[in-house]
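A short worksheet on the structure shown next.
The numbers here are math on the coordinates, done by the rules we state, and not lab data. Quick caveat, the model's predicted, so the values are computed rather than measured. Here the Cβ is made from the backbone with ideal geometry for all residues, glycine too, and neighbour counts use every protein chain on show.
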Amino acid sequence: MSLTRDFFIALSKNQLLNSGAKKWGLKLGAGKMVAGTDIDSMMKSVKKLNDDGISATIDNLGEFVFSKEEATEAKQHIIETMEAIHAYEVDAHMSVKLTQVGLDVDQEFCLDNMREILTIAAKYEMFVNIDMEDYAHLQPTLDVLYALMEDFSNVGTVIQAYLYRSEKDLERLKNVRLRLVKGAYKEIEEVAFQSKQEIDENYLKLIKIHLLDPGFTSIATHDHRIINEVKKFVKEHNISNDRFEFQMLYGFRTELQKELAAEGYAFTTYVPFGQDWYGYYMRRLAERPQNINLALRGLVSK
Ligand code: FDA
């Protein structure tokens, strides 16, 4: 199980395969988890979600950005996506990875790109979430976030429950809109819990802390056990439905997504799209080996 996970995480980091996949179009069953390679097809999926009372957070996929030119191009795509959200009048906001907009190139340059993105987002009263990447990028990501928070209120980030330091990070982010997740990368035991039980326990602990903080909480998980615990907790503590939401990834547990929205919970689906789908898709296969069937079926049907 863990070998399979390591294998797919390694595949997700393979730069050759990543750049090759851009030319293939959506393959290997990725179309089930990626909402198309262009804005029009992605918007069709978002409209369908909206029809079911579900909001969307849109990720214009992008990996391996190591030059200012690539980062500027990615920033441009993100801005075009925000313009499209506004033009199509859909209920949606953006999710952005800082490495996409130049974190590995130059932190100040990345900060400037984010300022530009947030200025346009603010014009459309749109929230922008900064996704959290691997541990090596955690502190730089938080540093950029803290700088942005001095001028913008429409920005938040992700806290990963597998990291020991996350409870401490939450303290400084009490007032911030946060997405809480278990954590998607492979991290060493010096910095992260390794067992599912410890991760789940810490996850619930962090969710409860932030639900009682002033900042809005997005609980991003496909784990029905966690979701049921959260439902109990908010009821016991009279936390109203406008103080939190559930989030899941596009293509995962679609029926449960609709059910939660129909029960009256705020719900947002994470909608990835774009040509750079390969790394994202491999990380999803790493998390849930059952999905490998999808990839295999995709292989034989293409
Ligand atoms: P986990 O994978 O531990 O599953 C727990 C249980 O839930 C399973 O044993 C099974 O019973 C059930 N289950 C799960 N998936 C199912 C399915 N498809 N069908 C049926 N049952 C299922 N990570 C990160 O590091 N940085 C980030 O920015 C983000 N962003 C993000 C946004 C959103 C919206 C989501 C949902 C997730 C992320 N993640 C993330 C990924 C996150 O860290 C984590 O890796 C995955 O969500 C997988 O963990 P789960 O909490 O879903 O449960």
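Values for this structure:
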{"item": "Nearby aspartates and glutamates by direct alpha-carbon distance to LYS123 (threshold 13 angstrom, same-chain neighbours under 8 apart not counted)", "result": "GLU83"}
{"item": "Fraction of antiparallel bridges per DSSP, the chain only, in percent to nearest 5", "result": "5 percent"}
{"item": "Footprinting exposure proxy for THR141, THR119 (fewest neighbouring C-beta atoms within 10 Å first)", "result": "THR119, THR141"}
{"item": "Exceeding the 28 Å Cα-Cα cut-off - candidates LYS13/LYS232; LYS97/LYS205; LYS22/LYS258", "result": "LYS13/LYS232; LYS22/LYS258"}
{"item": "The stretch 1-91 shape via C-alpha gyration tensor axes, a/c threshold 1.5", "result": "oblate"}
{"item": "Orientation-averaged projected area, Cα convex hull of the chain (nm²)", "result": "14.8 nm²"}
{"item": "Estimated distance in nm for a label pair at LEU16 and TYR146, the labels positioned 7 Å out from Cα along Cα-to-Cβ", "result": "4.1 nm"}
{"item": "Per-peptide average of other Cβ atoms within 10 Å, ordering 273-283, 152-162, 216-226, 236-246 highest first", "result": "273-283, 152-162, 216-226, 236-246"}
{"item": "Extended-chain gain in nm, criterion 0.36 nm per residue less alpha-carbon gap, SER195 and LYS168", "result": "7.7 nm"}
{"item": "Gyration tensor verdict on the stretch 162-240 (Cα atoms; rounded if a/c is under 1.5, prolate if a/b is larger than b/c, oblate otherwise)", "result": "oblate"}
{"item": "Cα shape, the stretch 14-60, gyration tensor, a/c 1.5 rule", "result": "prolate"}
{"item": "Per-selection Rg to Rh, the stretch 221-279 - Cα, Kirkwood hydrodynamic radius", "result": "1.05"}
{"item": "Rel. contact order, % - alpha carbon contacts under 8 angstrom, at least six apart, the stretch 44-140", "result": "30 percent"}
{"item": "Förster radius 30 Å - calculated FRET efficiency between ASN175 and TYR124, Cβ distance, rounded to 0.05", "result": "0.85"}
{"item": "Values of log10 I(q)/I(0), in the order q = 0.09, 0.14, 0.20 Å⁻¹, for the stretch 42-173 under a Debye, Cα-only, solvent-free model", "result": "-0.26, -0.63, -1.18"}
{"item": "Cβ crowding within 10 Å averaged over residues, with 182-194, 71-83 ranked highest first", "result": "71-83, 182-194"}
{"item": "Mean Cα-pair separation over length for the chain, i.e. relative contact order, pairs under 8 Å, 6 or more apart, %", "result": "30 percent"}
